[in-house]
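The values are calculated or read from the model by the stated rules, or taken from the named source; none is laboratory data. On a predicted model such as this, the values are computed, not experimentally measured, just so you know. Counting neighbours? That spans all protein chains shown, and the Cβs are built from the backbone with ideal geometry, glycine included. With ligands, DNA and RNA removed, areas are computed over all heavy atoms of the protein, side chains included. Shrake-Rupley method; radii C 1.70, N 1.55, O 1.52, S 1.80 Å.
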Amino acid sequence: METNDMKELKKKLFSTQKNGYDKVGGQELSAMEDYCRDYMAYLDAGKTERLCAAETVRLAEARGYRPFVRGMAVKPGDKLYRCNRGKAVMLAHIGAKGLAEGVQIAAAHIDSPRLDLKPNPLYEDSELAFFKTHYYGGLRKYQWVTIPLELHGVVALKDGTAVQVNIGADRGDPKLVITDLLPHLGQEQAKKPLASAIPAETLNLLLGSRPIGDEEDTGRVKLAVMKLLNEKYGITEDDFTSAELEAVPAVNACDIGLDRSMIGAYGHDDRVCGYAALRALLDLEGTPAKTAVCMLADKEEIGSDGVTGMQSAAFDTFLEDLCEAQGAALRVCYENSFCLSADVTAAYDPDFAEVYEKRNAAYLNYGIGLCKYTGARGKSGASDADAETVAYVRGLLDRAGVVWQIAELGKVDAGGGGTVAMYMANRNITTLDAGVPVLSMHAPFETVAKLDCYETYKAMKAVYEAEK
């Protein structure tokens, strides 16, 4: 066979994935920068699931969305939302076709790994005051020591009042920190595996060291801290019993790299997909053919359980209320629906090449990563999408000019992870996983590529705009 014939045959038959920057033009790159700037602002405003839900509602209402109340009339073009207990948000842009013909869903989660305060957190030891914590999600404990931390959340008082707490986020605020052992005394600690070098019960937030009262008194530093909290928030120690307070990294989103091609921040997993799903919905023009639904769930990092997680009936209730307004059956809506389960995937890191399988890894700047299945080991805990579903999404993305790649999360038996996909699929909704590749996933500071963020937004928009 002639050389030119070989080249043409390879071009025709072989996969020819390219770096996204070899596909995307200048005008689109400018739009990418604008989008990423807005995304970074969203991250900074939403460092916890409560703050993220509040920012989501604010942005939605600014684009004409209104709260959906059971019994309301629902007509094409309506923009509706429901916030579930201040931690999860469901939004719908009602389409021209009836809900019996199904909806187009993008589902992500807005909770991220963090440190929660225990119900009785405040104590003093050796004239230092601390908060005890219980870590939330699959974090690596050694990464959370000696970094500045903020505290956000709510303290619910017995009279029903909810006190909003914010320590460390405002300009001039003090930060909190978890201490670590100095290397001079850390020889034994250094011999331990990473997973056990920092015991969970030592993840205690340092609060203060300045005592008040007479020197013969006890608990003087703890009292000083409690006095400050009482003066600012009007709370007492008993009120921690009914509080939800979360320690998160005291860092804002920023450009990474000399070329500013990446974004570093806390909470990319999974707010990078959550924002893409939200923004694509808000940017829809006119009335979509089918109803477009954005689901931003809580509790994914701990199994999607609870009233605000994806396994909750809250999502079913929202869709059923919409269906009843049009005289449609929920089960019929579900069986005609499609969901893009939008969650991040692991980006190939050459410094840790041994846990990746290069032919099936996601790479920075190669676009949104489609994942036919997630799970661990033998696909345990996965929604394994069928070939027809993957082909459907391939077609949607190619027609919309979206840069995409196909990926797995590491080598077989090297680990694995789950998403909300299986909970959508269990509802008889055709579902596929897809999301942004992330470096240092679950760390207090994660890294993503701007191009992948923007291509994920474009993918969400393509899903919402699909006519079937």
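Scanning the stretch 1-35 for residues that are aromatic (F, W, Y) and without any contact (Cβ under 8 Å) to a residue 40 or more places away in the chain yields one hit, F14.
Filter the stretch 165-190 down to the residues that are among the small types (G, A, S) and surrounded by fewer than 13 Cβ atoms within 10 Å (Cβ to Cβ), then identify the one that is nearest to the chain's Cα centre (by Cα).
Looking at residues that are among the small types (G, A, S) and surrounded by fewer than 13 Cβ atoms within 10 Å (Cβ to Cβ), I get G172.
Within the stretch 256-286, the residues that satisfy the criterion of being within 17 Å of Y81 (Cβ to Cβ) and not in a helix (DSSP H, G or I) are D283, L284. From the residues in the stretch 207-254 that are assigned to a helix (DSSP H, G or I) and among the hydroxyl-bearing types (S, T, Y), which one is most open to solvent (accessible area, probe 1.4 Å)? Only one residue fits best here, namely T241.
Annotation note: of V344, V332, V393, the sole residue that is surrounded by fewer than 18 Cβ atoms within 10 Å (Cβ to Cβ) and among the hydrophobic types (A, V, I, L, M, F, W, C) is V332. Out of K12, K7, one residue alone is out of contact with any Lys or Arg (no Cβ under 6 Å at 6 or more places or on another chain) and under 20 Å from R359 (Cα atoms). It is K12. E455 falls short on exactly one of the conditions (1) outside any helix (DSSP H, G or I); (2) touching a helix residue (DSSP H, G or I) at 6+ places or on another chain (Cβ under 7 Å); (3) surrounded by 22 or more Cβ atoms within 10 Å (Cβ to Cβ), and that condition is (1). R359 meets each of the listed conditions (1) open to solvent by 40 Å² or more (accessible area, probe 1.4 Å); (2) assigned to a loop (DSSP other than H, G, I, E, B) apart from (2). The lone criterion from (1) aromatic (F, W, Y); (2) under 20 Å from L432 (Cα atoms); (3) surrounded by fewer than 17 Cβ atoms within 10 Å (Cβ to Cβ) left unmet by Y366 is number (3). With respect to Y423, determine if the residue is open to solvent by less than 10 Å² (accessible area, probe 1.4 Å), farther than 30 Å from V251 by Cβ and of a type in the set (S, T, Y). The answer is no for Y423.
Of all the numbered requirements in (1) out of contact with any strand residue (DSSP E or B) (no Cβ under 6 Å at 6 or more places or on another chain); (2) among the hydrophobic types (A, V, I, L, M, F, W, C); (3) under 24 Å from S261 (Cα atoms), V390 misses one, and that requirement is (3).
Listed by position, the strands (runs of 3 or more DSSP E) contained in the stretch 69-163 that have at least 2 residues being open to solvent by 40 Å² or more (accessible area, probe 1.4 Å) are 79-84, 114-125, 128-136. Taking the criterion of being surrounded by 19 or more Cβ atoms within 10 Å (Cβ to Cβ), part of a loop (DSSP other than H, G, I, E, B) and touching a Leu at 6+ places or on another chain (Cβ under 9 Å), the only residue of the stretch 309-329 that qualifies is A328. Against the conditions (1) out of contact with any helix residue (DSSP H, G or I) (no Cβ under 9 Å at 6 or more places or on another chain); (2) at pLDDT 95 or above; (3) under 27 Å from G46 (Cα atoms), A224 satisfies every one except (3). T431 meets each of the listed conditions (1) more than 30 Å from A313 (Cα to Cα); (2) at pLDDT 95 or above; (3) surrounded by 24 or more Cβ atoms within 10 Å (Cβ to Cβ) apart from (1).
Looking only at residues in the stretch 192-206 that are in a loop (DSSP other than H, G, I, E, B) and surrounded by fewer than 18 Cβ atoms within 10 Å (Cβ to Cβ), which one is nearest to the chain's Cα centre (by Cα)? Give the derivation first.
Step one: of the stretch 192-206, the residues in a loop (DSSP other than H, G, I, E, B) are 192-193, 198-199, 203-204.
Pick out the ones that are also surrounded by fewer than 18 Cβ atoms within 10 Å (Cβ to Cβ) and you get 192-193, 199.
Working: K192: 31, P193: 28, P199: 26 Å.
Top of the filtered list is P199.
Annotation: of all residues in the stretch 379-432 being among the acidic types (D, E) and assigned to a helix (DSSP H, G or I), the one that is farthest from K358 (Cα to Cα) is E388.
Restricting attention to the stretch 21-38 and to residues that are open to solvent by less than 40 Å² (accessible area, probe 1.4 Å) and closer than 24 Å to A361 by Cβ, the residue that is farthest from the chain's Cα centre (by Cα) turns out to be V24.
Scanning the stretch 1-20 for residues that are under 21 Å from Y366 (Cα atoms) and of a type outside the set (K, R) yields a total of 7. Being open to solvent by 10 Å² or more (accessible area, probe 1.4 Å), of a type outside the set (A, V, I, L, M, F, W, C) and closer than 17 Å to M422 by Cβ is the requirement here; does G306 meet it? For G306, the condition - open to solvent by 10 Å² or more (accessible area, probe 1.4 Å), of a type outside the set (A, V, I, L, M, F, W, C) and closer than 17 Å to M422 by Cβ - is met. Within the stretch 234-246, residues that are without any contact (Cβ under 8 Å) to a residue 40 or more places away in the chain reach partners that are aliphatic (A, V, I, L, M) with beta carbons closer than 9 Å, at six or more positions or on different chains, in the pairs T236/M226; T236/L229.
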